[in-house]
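Here's the structure, in structure tokens; my notes come after.
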Amino acid sequence: MYNHQDQLNILEDNIEKVIVGKRKVIELALITLLCRGHILLEDVPGLGKTMLARSIANSLALRFKRVQFTPDLLPSDITGVSIFNQRSGEFEFKPGPIFTNILLADEINRATPRTQSSLLESMGEHQVTADGSTYKLPPVFIVIATQNPIELQGTYPLPEAQLDRFFMRISMGYPAPGEEVRVMQMQIKEHPIKSVSSVVTEADLKAMQEAVTEMYIDISIMEYIVKIIDATRSHPDLLLGASPRGSLSLMRASQAMALMRNLEYVVPSLIKEVAVPVLAHRIMVRPQSRLRGVTESAVVNEVLASVPVPVTK
């Protein structure tokens, strides 16, 4: 009988059959999944963002759908639409692609703000409201959105409220030369995604998600998290600090990482490991500071260095 850590190791190994040399990225993606969160993948095209989403879905036997976000995409194209049934004389709701387990929102910043906002309710409350009726989404539901950080023409920046809904912002990064050669070798005949099958059941995933909420976190660690969040709110280079959702996300992410590391409780070092992907997209650097080269990640690291680490027994 496998324990949760064994299952997570098997899951990571299975995904790494496709996503080569990106163990940390896989780990962060699985932490988000364990915390019932959503991922914003910010990177240039061709680095495997779609394959990461598909690999997770295949490894868990979850339903996967992809929506290419474009300027002419309508909210109903995502959530669904009511169609009049001439036989019954009533309107029937036809669910959109959002009714799945893993939704890949590709190039989300190419869609208009109105279409982007159609995801807000589903990401926050796991439901969709259409034509006055509310429809529940599947118990396991995760949005993996991608955006190109260097292409600005024809894009609509995600508003702060939308960014705050994402549990983590992750960058895939270019592979090392040796890893890139391995990727080429693996795809000589066919793509390895075809050989990725389910290794963990949906029931196992739900059990692990419950285990995350039961992971012990001391009050001193909670106070440490709050001090980090509060420091972002008074930082001179920031126009906007992290919200209370940032505190909750940082706590939950550290609990999930403790589960993955097979620890009995959360330790301060785990907070530091997940702080940048959890918090960097939730803060806003002042324009004058950005001109000096200040970035969100740099501010988070500066805050981590300035806040005293609690001593745990």
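The values are calculated or read from the model by the stated rules, or taken from the named source; none is laboratory data. What you see is a predicted model; the values in this text were computed from it and never measured. Glycine also receives a Cβ, built like all others from the backbone with ideal geometry; neighbour counts cover every protein chain displayed.
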Worksheet item: Counting just the residues of the stretch 165-177 that are modelled with pLDDT under 90 and of a type outside the set (Ser, Thr, Tyr), which one comes out surrounded by the fewest Cβ atoms within 10 Å (Cβ to Cβ)?
Response: Ala176
Response to the item:
Per the filter on the stretch 139-159, residues over 23 Å from Gly21 (Cβ atoms) and surrounded by fewer than 14 Cβ atoms within 10 Å (Cβ to Cβ) are Pro139, Glu151, Leu152, Gln153, Gly154, Pro157, Pro159
Worksheet item: If only one of Ile19, Ile10 is in the same structural domain as Gly173 (by TED's automatic domain parsing) and touching a helix residue (DSSP H, G or I) at 6+ places or on another chain (Cβ under 8 Å), which one is it?
Response: Ile19
Worksheet item: For the stretch 207-220, which residues satisfy the criterion of being more than 23 Å from the chain's Cα centre (by Cα) and touching a residue at least 60 places away in the same chain (Cβ under 8 Å)?
Response: Asp218, Ser220
Worksheet item: In the stretch 111-146, which residues are touching a strand residue (DSSP E or B) at 6+ places or on another chain (Cβ under 8 Å) and either over 30 Å from Thr201 (Cα atoms) or not assigned by TED's automatic domain parsing to the domain that holds Arg63 (or both)?
Response: Ala130, Asp131, Ser133
Worksheet item: Can you tell me which of Leu33, Leu41 is crowded, with 21+ Cβ neighbours inside 10 Å, in a helix (DSSP H, G or I) and either aromatic (Phe, Trp, Tyr) or in contact with a Leu (Cβ under 9 Å, 6 or more places away or on another chain) (or both)?
Response: Leu33
Worksheet item: From the residues in the stretch 84-114 that are of a type in the set (D, E, K, R) and without any contact (Cβ under 8 Å) to a residue 12 or more places away in the chain, which one is nearest to Leu158 (Cα to Cα)?
Response: Glu92
Worksheet entry | Condition broken by His281, with the remaining ones in (1) crowded, with 19+ Cβ neighbours inside 10 Å; (2) in contact with a Phe, Trp or Tyr (Cβ under 7 Å, 6 or more places away or on another chain); (3) free of Cβ contacts under 8 Å to residues at least 60 places away in the same chain; (4) not charged (D, E, K, R) satisfied | (3)
